[in-house]
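Just so you know, all these numbers are worked out from the coordinates, no wet-lab data involved. Predicted model only: the values in this text are computed from it and were never measured. Neighbour counts run over all protein chains shown; Cβ positions are idealised from the backbone, glycine included.
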Amino acid sequence: MYIIITMSLEKYKKKREFSKTPEPEAKKKKHKNPMFVIQKHDATNLHYDFRLEIEGVLKSWAVPKGPSLDPKEKRLAIETEDHPIDYANFEGTIPEGNYGAGTVMLWDKGTYENIKKEDNKEVPMKKAYSKGHLVFELKGKKLKGGFALTRFREDKWLLVKKDDDKADARVNILKKNKSTKSGKTLKQIEKAG
Ligand code: MN
């Protein structure tokens, strides 16, 4: 099933007042090698924001339990509004009273490779997204190897590790709890203000 998609930052803009939040303004950008980023976000409920660069924006999902290296673990990923590419560098505290108020840590960042194929041909990310099945190889500091994101209902997706040489059911990757940007913990970022 196809759904109509737009890569748009309108929702992102509407939810924020840029005079009151340190978050970046809405601008589209493209990289030669598309990027991914995961932000640990201590908002009302702690979650991990998983973002993939597609067509000049960061498609975004909130993953309450965070990613896992165990291919048997299916992690719920709730799609949220597209974010600007500049968001991939954002770490800091969103002040009380603003959308998403709380501390944001840049937990992991890197590039990815689209590995979704059909009949031996690469399926473009935009098309794979519209069909609700993305398969990609992450090249991050913490996360590496293949992952799949599969839509099962409206904005609900599942994030699952592919069973490859980077899979490891014994390792809890979330124990690595420091920023890939600053080396700080959430508490230290919060204190820095
Ligand atoms: Mn969030």
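Values as computed for the structure displayed
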{"quantity": "Dipole of the chain, positive direction: furthest Cα of GLY140, TRP157, THR44, with charges on the beta-carbon", "calculated": "GLY140"}
{"quantity": "Surrounding net charge for PRO124, when Lys and Arg each add one and Asp and Glu each subtract one, Cβ distance under 12 Å", "calculated": "+3"}
{"quantity": "Amide H partners (placed H, <5 Å) of ALA77, local residues excluded", "calculated": "TRP157, LEU158, LEU159"}
{"quantity": "J(HN,Hα) series, region 88-96, from Karplus relation 6.51 cos²θ - 1.76 cosθ + 1.60, nearest Hz, glycine and proline x", "calculated": "5, 9, 7, 9, x, 10, 8, x, 3"}
{"quantity": "Amide H partners (placed H, <5 Å) of ASP49, local residues excluded", "calculated": "GLN39, LYS40, HIS41, VAL63"}
{"quantity": "Rounded, prolate or oblate (a/c below 1.5 giving rounded, otherwise prolate when a/b exceeds b/c) for the chain by Cα gyration tensor", "calculated": "oblate"}
{"quantity": "Length released on extending from PHE18 to LYS117, taking residue separation times 0.36 nm less the Cα-Cα span", "calculated": "31.6 nm"}
{"quantity": "Ranked SER60, SER8, criterion: other C-beta atoms within 10 Å, fewest first", "calculated": "SER8, SER60"}
{"quantity": "5 angstrom amide H check on SER182, placed H, neighbours 5+ away", "calculated": "none"}
{"quantity": "Region 22-132 shape via C-alpha gyration tensor axes, a/c threshold 1.5", "calculated": "oblate"}
{"quantity": "Pairs from LYS144/LYS175; LYS139/LYS176; LYS20/LYS109; LYS109/LYS142; LYS30/LYS126 whose Cα-Cα separation, in the structure shown, is over 19 Å", "calculated": "LYS20/LYS109"}
{"quantity": "Near-label residues of region 51-93 by backbone N, under 13 Å of a point 7 Å along Cα→Cβ of LYS30", "calculated": "54-57"}
{"quantity": "CD proxy at 222 nm, helix term only [per DSSP H run n ≥ 4: -39500 (n - 2.57); per residue of the chain; nearest 500]", "calculated": "-2500 deg cm²/dmol"}
{"quantity": "Distance between region 68-83 and region 113-130 - C-alpha centres, whole angstrom", "calculated": "19 Å"}
